[in-house]
Amino acid sequence: MKVSIYRYNPETDREPYMKEYEVDTGGKDLMVLDVLNLVKEQDDSMGYRRSCREGVCGSDGMNINGKNGLACITPLSATAPGVLEGKKALILRPLPGLPVIRDLVVDMTMFYNQYEKVQPYLQNNTPVPAIERLQSPEDREKIDGLYECILCACCSTSCPSFWWNPDKFLGPAALLQSYRFLADSRDQATDERLGKLDDPFSLFRCRGIMNCVSVCPKGLNPTRAIGHIREMLLERAV
Amino acid sequence: MSIRTVTFDAIVVGGGGAGMRASLQMAQSGFKTALISKVFPTRSHTVSAQGGITCAIASADPNDDWRWHMYDTVKGSDYIGDQDAIEYMCSVGPQTVFELEHMGLPFSRTEEGRIYQRPFGGQSKNFGEGGQAARTCAAADRTGHALLHTLYQQNLKNGTQFYSEWYAAELVTDARGHAAGVIAICIETGETVFFKAKATVFATGGAGRIYSSTTNALINTGDGIGMALRAGVPVQDIEMWQFHPTGIAGAGTLVTEGCRGEGGYLINKDGERFMERYAPNAKDLAGRDVVARSMMMEILDGRGCGPNGDYVYLKLDHLGEEVLHSRLPGICELSKTFAHADPVKEPIPVVPTCHYMMGGIPTNIHGQALRLDGGHQGQAEQIPGLFAVGEVACVSVHGANRLGGNSLLDLVVFGRAAGLYIEDALRQGMDQAEPNSDDMDRAMARLRRWDDSKGGESVASLRKELQSTMQNAFGVFRKGDLMIDGVKKVADLRSRIGEAHLGDKSQAFNTARIEALELDNLLEVAEATAIAAEGRTESRGAHSRYDYPDRDDENWLCHSIFDPKTKQLGKRDVNFKPKTVDTFQPKVRTY
């Protein structure tokens, strides 16, 4: 099958280009990461990140035939019609909107900075008990669909609002984590957390486009979380 | 050649659960600490742990007792786990788990609001007399992910200095063998830097990638073991590799033991629940070594499933959709993705798959690395400046077979213990080893070798050959003549890898160079494993030989120690002296 991959090595290339590879998959419905590994056997200069190869570490987010996803859990059959059959090329590009370091490897500093801004850690200043802090199953359920984020950046780098203001708009991934702590019955920093989001950019640049929801490889819903934070901000204002 | 030097009180190599628990401890006390990780910390393999962290927090059973957990762990280790270390882990465990909860780890909950605990293999109440226990604390089936992210978040809060995507290539030691720090490469720029520190903590994880079929992440290449062996540090019980009963056939991805804890069971092609024959009491929740061997016997006896009869089925559908989706949501996802089977409707094809390295760098309970002091069996001395925690270490709490849920506990208990010890040692004043230019040249030699390579075999083809050699000769069942042959093949691979070729010599994010350096480490782990497995002439825990089918307590109730200088296998005494409880005497191990 044909694979077309974005290549750029800052030491040797003046500009990025697409390079074509012919890969023998034996007609199997391999994962995109398996295909990349076969490419690397042909050409060891091919650069990409990977670790767990089962969709939990978030290393191999990339743009696959126009849609962001994790290479390791995206089978060829789910990329685009005709790719598995070899009628159409598999097209791999780095995640959009972040600076490219090399090939499919992007500089995620801006993404991580936004994550750090939401103070992504539990804040509770009451003295710790001798055992665990109690939490009802109902309260615990409120952080389901939030804590599972793997920081792969598929969502934020598919978001037009993030493309425009990656320094000022926190982006869906960071906002999902913000709500993960706002929704945790054990966290006491609600007012402080909300105060930091109450400006025209941090949260309110979300236009409800919902690209984040359609690409999240873990099936999470950042738009819904952002909606909940909006409601909390509204309640806090009145 | 001179390279840039940066100086810290302590450096931690590896950003998984053990490394980040250690760095958190030291960051909280204000010492200048760096954490060096070849991947962004939340990409570390701890993230893949599913079922939970085993610990007697007395939630599921208010009468639970850490001594029962200790008994299970000693028995699970087939009696070569060190009882002082197991005692420490099981007794300190509850405090460390409560600390994780206070940090924000989103554990699943009981109706009382306490941490949810599920049954896991090898667990009992009342020293094996009270039936199955439920002792594994869980965050659904994503406990490792929840733990790793929580620790990363706490390290952010406490200002740990991260060097993410920096690859530690070599341990730097002085002429006496004292650790002085590491040589590390910034992956993004290719810059090589000497990280100099009074304390160097290896938390580099396992090396499951020495096998072709493994649950381990692609990054699990035994970098710490490789660095240690090249620096002359020995490894202990390295023949002991755990094969997890339930890796998805073909893909190798892990299916948690928690599935069987929640009531799932294994069936052969006749639909028979075969574990009832092999382990009448514990059945599917026997020790992992026992279950893995039973599955292989079914397959070898022609009762495997599928067109080639080379796997068995894990049946879960009887648990019902609600339990599966609330308790095992990640497994439902993984099974659909990698086995094309929805566990709500159909069983998952599974096969024993390389999962965990019980052996490693020998340490005491403070994480201090040890070496033999010259021939006397059991006499070990500390290596100044060097520490190891987590899977790379062999304390040993797992002995010949680790119990499910004990690895996450090992990470946080001993990551914390090493942090506490180093804090204290730094306060009292630790020496900084001062390497001379010869020491530095030695540490740089391997980097130069690859950069000067002009032709030869490729990294990818040699890696594949090494992996299939290990898979064929050092799997679930082992045989003397096959292992002797395997040792020879690995020796041959050593000379060929020494001549292998790195095609890409660029600086910016050169993953080919990293893979070449990782191959050297895989080779070191594979060679030590091969020699130690061939040398241990008995069957114990995960080490099972056709030619020596029985446990031999007279000769082998001991650790093996592989010395990289002589490539010989020595012995070291197991600790049978816990401080607060009576010794658990070796017994015949049945489930």
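The values are calculated or read from the model by the stated rules, or taken from the named source; none is laboratory data. Every value quoted in this text rests on a predicted model; they were computed, and no experiment measured them. Because the Cβ atoms are built from the backbone with ideal geometry, glycine has one as well, and the counts that use them run over all protein chains shown. Heavy atoms of the whole protein, side chains included, go into the accessibility calculation; ligands, DNA and RNA do not. Shrake-Rupley method; radii C 1.70, N 1.55, O 1.52, S 1.80 Å.
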Please enumerate, by chain and number, the aspartates and glutamates with C-alpha under 17 Å from the C-alpha of B:Lys32, excluding those fewer than 8 residues away in the same chain. B:Asp9, B:Glu423, B:Asp424, B:Asp431
Helix-only mean residue ellipticity at 222 nm, the protein assembly as shown, DSSP H runs n ≥ 4 weighted -39,500 (n - 2.57), per residue, nearest 500. What is it? -10500 deg cm²/dmol
How big is the Rg/Rh ratio for the range B:494-591, C-alpha atoms only, Rh by Kirkwood, two decimals? 1.16
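Using a 10 Å cut-off around each Cβ of peptide B:42-50, what is the average number of partner chain Cβ atoms that fall inside? Working shown, then result.
Numbers: counts 9, 12, 3, 4, 1, 8, 7, 1, 1.
Mean partner shielding for this stretch: 5.
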Where no second cysteine Cβ lies under 4.7 Å, the cysteines concerned in chain A: A:Cys72, A:Cys149, A:Cys152, A:Cys154, A:Cys159, A:Cys206, A:Cys216
Filtered hits (lysines, Cα-Cα < 24 Å from B:Lys579, offset >= 8 within chain) -> B:Lys75, B:Lys125, B:Lys571, B:Lys587
Can you give the average number of partner chain beta-carbon atoms within 10 Å of each beta-carbon in peptide B:34-40, as a whole number? 2
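Pairs B:Lys315/B:Lys479; A:Lys117/B:Lys157; B:Lys505/B:Lys565; A:Lys19/B:Lys464: which are spaced more than 22 Å apart, C-alpha to C-alpha?
Values: B:Lys315/B:Lys479 32 Å; A:Lys117/B:Lys157 11 Å; B:Lys505/B:Lys565 31 Å; A:Lys19/B:Lys464 26 Å.
Checking Cα-Cα distances, B:Lys315/B:Lys479; B:Lys505/B:Lys565; A:Lys19/B:Lys464 exceed 22 Å.
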³J(HN,Hα) across the range B:268-279 via Karplus (A = 6.51, B = -1.76, C = 1.60, θ = phi - 60°), whole Hz, x for Gly/Pro? 9, 5, 8, x, 7, 7, 6, 5, 4, 6, 8, 9
Please list, short to long, the whole-number percent of alpha-carbon pairs of the range B:277-353 in consecutive 5 angstrom bins beginning at zero. 3, 15, 20, 21, 21, 15, 3, 0
Heavy-atom accessible area per residue, the protein assembly as shown, 1.4 Å probe: how many Å²? 35
To the nearest 10 degrees, how steep is helix B:437-452 against the longest Cα principal axis of chain B, on a 0 to 90 scale? 70
Could you tell me what percent of the DSSP beta bridges with both partners in the protein assembly as shown are antiparallel, to the nearest 5? 70
Determine the alpha carbon to alpha carbon distance for each of A:Lys142/B:Lys336; B:Lys38/B:Lys198; A:Lys40/B:Lys488; A:Lys67/A:Lys218 and list only those over 18 Å. A:Lys142/B:Lys336; B:Lys38/B:Lys198; A:Lys40/B:Lys488
With every protein chain in place, the protein assembly as shown: carbon and sulfur % of accessible area (1.4 Å): 49
With a 10 Å radius around each residue's Cβ, average the other Cβ atoms per peptide and rank B:536-545, A:81-90, A:105-114, B:205-214, highest first. B:205-214, B:536-545, A:105-114, A:81-90
Quick one: helix A:32-42 against the long Cα principal axis of chain A, what's the angle to the nearest 10°, folded into 0 to 90? 40
List the residues of the range A:32-53 whose accessible area drops by at least 30 Å² when all protein chains are present, compared with their chain alone, using a 1.4 Å probe and counting only protein heavy atoms. A:Lys40, A:Glu41, A:Asp44, A:Arg49, A:Arg50, A:Ser51, A:Arg53
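Count, for each residue of A:120-128, the Cβ atoms from other chains sitting within 10 Å of its Cβ, then give me the mean as a whole number.
Details: counts 7, 11, 10, 2, 3, 0, 0, 0, 5.
Taking the mean over all residues of the peptide, I get 4.
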Going residue by residue through the range A:49-54, the Karplus relation 6.51 cos²θ - 1.76 cosθ + 1.60 with θ = phi - 60° gives ³J(HN,Hα) values, rounded to whole Hz and with x marking Gly or Pro, of 9, 6, 8, 6, 6, 9
Using protein chains only (no ligands, no nucleic acids) and a 1.4 Å probe, work out which residues of the range A:1-21 have their accessible area cut by at least 30 Å² relative to the chain alone. A:Glu11
Interface B-A: total buried accessible area (1.4 Å probe, Å², nearest 100) of 4800
Got a sec to turn the phi values of the range B:313-327 into Karplus ³J(HN,Hα) couplings, 6.51 cos²θ - 1.76 cosθ + 1.60 with θ = phi - 60°, whole Hz, x for Gly and Pro? 10, 9, 9, 10, 4, 5, 6, x, 4, 5, 4, 4, 6, 8, 8
Cα-based helix-to-principal-axis angle, B:511-535 vs chain B, degrees rounded to 10: 60
Burial of 20 Å² or greater, the range A:130-144 residues [accessible area, probe 1.4 Å, versus chain by itself]: A:Ile131, A:Glu132, A:Arg133, A:Leu134, A:Gln135, A:Pro137, A:Arg140
Counting Lys and Arg as +1 and Asp and Glu as -1, each charge on the Cβ, what is the dipole of the protein assembly as shown about the Cα centre in debye, to the nearest 20? 900
Please calculate the 1.4 Å probe accessible area of B:Lys283, with all protein chains present, and give it to the nearest 10 Å². 60
Amide H contacts under 5 Å for B:Asp563, placed H, 5+ residues apart: B:Gln568, B:Gly570
Which whole-angstrom value gives the distance between the alpha carbon centres of the range B:177-237 and the range B:454-478? 20
